[in-house]
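No value in this document is a laboratory result; all are computed from the given coordinates. Note that the structure is a prediction, hence the values are computed from the model and not measured. Cβ: placed from backbone, ideal geometry, glycine included. Neighbour counts: every protein chain shown.
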Amino acid sequence: MGVAPRGVKFPNTGHHHLLIYVDLPSSDQEIPSDRNHLHFGAGETETMIELPPGKHTLQLLMGDDMHVPHNPPVYSRKITIYVR
């Protein structure tokens, strides 16, 4: 997969969405945009986020040019991190 910003439509490209504390959304609808679904629609490939101390789950999901998951979906495994 290549990385392209929102609205730029090329085959096999998309942009990242960071899912925090949530499961993968429906693959036929736009990925929500809220504090648990962070959009990187400018094509960003790295970021820094602040999370409160404790256990957190994170997962990446690629969305197409309109924030809809690819078919089949392209995603990372869910990881658990601990913030001190």
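Here are a few things to note about the model shown:
- Label-point separation in nm, ALA42 to GLU30, each point 7 Å along Cα→Cβ: 2.0
- Low-density loop positions, GluC sites (Glu not before Pro), the range 6-84 - DSSP coil, at most 12 other Cβ in 10 Å: GLU46, GLU50
- Take every pair of alpha-carbon atoms less than 8 Å apart whose residues are at least six positions apart; their mean separation over the length of the range 28-84 yields a relative contact order of 40 percent.
- Over the chain: Rg over Rh, Cα atoms, Kirkwood Rh: 0.97
- Sorted fewest first by neighbouring Cβ atoms within 10 angstrom, ARG6, ARG84 come out as ARG84, ARG6.
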